[in-house]
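These notes concern the structure reproduced below.
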Ligand SMILES: [Zn+2]
């Protein structure tokens, strides 16, 4: 077994060799399933998720999940319905989580509310946008990865939105109980770090400082929170860059392959 | 078109990302595969002050601070390495000779590789912690190089390569890289980079690859005081060990593989538990496992199979026809293995002739009777999960020293007899036999392989001449792991700057007075043992208008001075408790606090934490509250002084009157506890009187019990129970409490049977109440001490009380069996117990005096604290007792007295006598009775031993006997102890 997170102070290196302010490798693809309205695949380190978006569709033709948390809502705007399916093989202990699992429900409603804030749901009254997320592998920062994947899939589905909703986690190098004033903030925690250290998930609207989601389930001193949040917001900006590049690359590729005509929508993007 | 390719291949960064696969087996026996990412980088510095390249890319933390380079620009050289050198030890080197690295004379500028640190952590947590300590020390210059994260030194595991081989390769690669990297600095004198290993294979491969590598011994020989250091290098399988010379002879069965043991445990065929050696028979051990109500017996060397007291082992239960009764015979290691030769291990088999004889007699006895009902399951050790080896204090067995080694400096094998009788003799190879004979020495066990009858170890350091006060005291502290070094500067820096001039602020506006009640007007006094300097508690009582009484218990406000998580708090939490020896006190907190600023000394104002009750004259609680306060104690009494005042009717001052009130209330309180079933237990307590000038022990007195002692005790119990309730209400998950488990009824089987057979008395053990009542009936009208004897023996059947975190137990388990209280904690001695300090912090938060500090609310952290203080508490008690035993021996030195004693244990070849006057017990063997050893018949049913021949005596359990007590230096253990000679039976 590798050393634990307490070894950070020895050489300012984290358990996987990163520095405090480094993201893990993010790999993303969009339009992974041609048949779907929108789809994406995203990896943050070993956390791997897939997303399929269906809709916006009229209520009669409502497909997809019925359980998910629903944001937006009301009759004048589209409902954003999210389902998260966690594969049994995704985590080390291989425990299956049922559909009604509390944690799952919470994930679903958080994601739904976050996206509803950016998607122009008012353009689709009386309809539903179904977002179906599949967790293939878990290694920390799960909520962040799910939000990022959902954003990409919504872009692919062509649903108008204000900006990307991008997320990442932030933590702190020493435990709550250690109460270390000099603890460094950490960006993008993996599973081991999440187990041992305080952490939070933050999502922002694009590259702005507007926070769309802030979830903190561990105990941490208020004095450390500010530093963590700043690092998290900064991480979101980096994530946005990465996602944006994925979208643009895909767009460029589709144009050059002739899948899409160079049109109005794409002209506004820098294609070189 | 949209296939999901394996992303790593398409990623430009992929070259610098690797992943590691671990396989871990869980407690329940499942196997988990864990895949972890590793990010490889090139900005991990070599940390040499010579290197400018690394200085440019040195990592910075979030506030922009960089870690300065560690390794010296001009490291020390040796005979063969004139340009200086950096050391890179492998895991093996640290595992086998951590003591070497802690030397002050050598071992500076050491590169600790990450892979080595990881391996060490998996193998031994204590050694890991010691190494981390070294990396934090500024003058030792130990640098942790994260070789696994540096692109150039990362080594992927090859197909078919074992983990060990891969790790060794990683070490060699890192050494090679360091060498190449340092050459680039173009310094005038480039230090050599030396790999240290005791693994032959690794050394050979290093040589093949052109890497400079030494074995520990070859390296140490180059140093100035190499001779001395050589002794600290242990024997290893790969070293030049004795084993090479004697191939093939294996004494012990091989251990099962870890996976075989795990499967066995899971299927219930094997059992796991802690191995304990019987104090009277070194060839008998026992192990408690959940599957059996009684402990499993482990008899004989073969079955014990190299386990040492305290090891976590796996056992296999033997077939039923091999089940036995626990031994009724005393078998001492030194008597039986006395003449073994440490060098040759004479004798054809594992079990020596003498041992076989001793065991034979044992078997004869068991076969001669129908023992079916009594037989206990026996087991055999098939593997060790975790060794509990530590450093042991002992001395060289004079009889194992050969003449030649007395003179020369050639390396020789000798036996070291540990002070702890439960630990087997340790074979030691040393060049300094002549210097070490007659000294107290510290040694470790390194290994116990199948080919060696005794474990092998190495010498760590000498404590001094046997029987000198300094050496014996240090030996005792080391044996019980008492932290006795002076407080470091970081701790002393946490003390108030005013030092002894610190005073309670005069202005009530001062922040120190915030939310404190001014109780300076109350007639408070303290009652403690004579000469007590660290006064934790003080009391007062005053009548109220409604006829009730206000009683206050005031406890030193230590938490005001010791803030959570500072260096002083951390140190105190490690020490856990103050340790009291006969002539020495090892404080938990620095003197300034313990004996001055916190101590509730008389005539001065002090901060306190007070518990105030309104009690009826019958001591029923009407009201109670807790407050931080300022008090001024009127007087510090000793128990004796207070008792004299109370008894002297002419004393009618307020203070005496309030002590009398407290006295009367305490009797009511005690009665209430007794009615609830509290036990009055006993342990023989004595006090060693010292001559005031030389502090040499001159006499031993049994402690006298005074009413004023139980006065203080009752109110402390009341305060502890009240506080326990309060903090549990406020923090149901994290309150730090103390419980005393109900002992399993089987613990009393033996004692109950003995009482029934010998005295026709019945012992009821269904509840503490029943036990208390039946203990009251255990009296012998002709012998007043008999009742105390039974209480002492009953106490030994009990469980140990323990600290715990409220969330870890269900409420019914909180019970304190001995005190018959539903809930209990320690609150009243924060100067000398860390648990009390935590309770203070929790109580302060519970009454909203201050916000809850995370350290007292984090359950994981508190559980770790409990675990530590439970061990410390027990060690402190054992050390205290051992210290008394040592001084009793010293006080008796050269004297000879006849005393009355009682037989408290009986064997087929000896019996144990307790002498209440000195609080000591000692074994009298048959061979001590007369020369030649008389023949004896032992009746286990009636606990009677009758001898014939050279001396005729009849000894029974519980019998009163007359013994002659002298002191003797035990030649084998080197301890001066008490020797008892049997005079007559009454
Ligand atoms: Zn360098």
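None of the figures in this text is laboratory data; all of them are computed from the coordinates on show. All values reported here derive from a predicted model rather than from experimental measurement. Here Cβ is always computed from backbone atoms with ideal geometry, including for glycine, and neighbour counts include all displayed protein chains.
Structure summary
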quantity	calculated
Tensor-based shape of chain B (alpha-carbon gyration tensor, a/c under 1.5 rounded, otherwise prolate or oblate)	oblate
Shielding score for A:14-24, defined as the mean number of other chain Cβ atoms within 10 Å	5
Residue B:585-residue B:258 FRET efficiency (beta carbon distance; Förster radius 45 Å; 0.05 resolution)	0.50
With Cα atoms, 0 to 90° folded angle of helix A:222-257 axis to chain A main axis	40
Ordering of B:304-310, A:170-176, B:792-798 by packing [mean C-beta count within 10 Å, highest first]	A:170-176, B:304-310, B:792-798
Extension gain (nm, one decimal) between residue B:165 and residue B:292, 0.36 nm per residue minus Cα-Cα	41.5 nm
On Cα atoms only, tilt of A:142-157 relative to the major axis of chain A in degrees	20
Calculated [θ] (222 nm, deg cm²/dmol) that DSSP helices of n ≥ 4 give over chain B, each run adding -39,500 (n - 2.57)	-9000 deg cm²/dmol
Fraction of antiparallel bridges per DSSP, the stretch A:13-257 only, in percent to nearest 5	85
Shielding score for B:143-149, defined as the mean number of other chain Cβ atoms within 10 Å	4
Theoretical FRET efficiency, 1/(1+(r/R0)^6), r = Cβ-Cβ of residue B:508 and residue B:782, R0 45 Å, to 0.05	0.10
Ordering of B:814-826, B:854-866 by packing [mean C-beta count within 10 Å, highest first]	B:814-826, B:854-866
Relative contact order of the stretch A:13-257, pairs being alpha-carbon contacts under 8 Å that are 6 or more residues apart, as %	20
Inter-chain shielding of B:850-861 (mean C-beta neighbours from other protein chains, 10 Å cut-off)	3
0 to 90° range, to nearest 10: angle between helix A:102-116 axis and chain A longest Cα axis	60
Rough spin-label spacing in nm, given labels placed 7 Å along Cα→Cβ, for residue B:67 and residue B:485	2.2
Largest-first ellipsoid semi-axes for the protein assembly as shown, taking √(5λ) over the Cα gyration tensor eigenvalues, angstrom	60, 43, 32
Gained length - residue B:201 relative to residue B:649, 0.36 nm times residue gap less alpha-carbon distance	152.7 nm
Residue B:461-residue B:139 FRET efficiency (beta carbon distance; Förster radius 25 Å; 0.05 resolution)	0.80
Separation between Cα centres of the stretch A:172-227 and the stretch B:784-840, rounded to whole Å	41
Antiparallel DSSP beta bridges within the protein assembly as shown, as percent of all bridges there, nearest 5	80
Mean separation of Cα contacts under 8 Å (6+ apart) over length of the stretch B:791-836, as relative contact order %	22
By average C-beta atoms within 10 angstrom, highest first, the peptides B:284-293, B:635-644, B:167-176	B:167-176, B:635-644, B:284-293
Candidates A:147, A:242, A:131, ranked by Gaussian network fluctuation over chain A, Cα under 10 Å, top entry	A:242
Relative contact order (%) - chain B, alpha-carbon pairs under 8 angstrom, separation at least six	8
Bridge type composition, chain B - antiparallel percent by DSSP, nearest 5	80
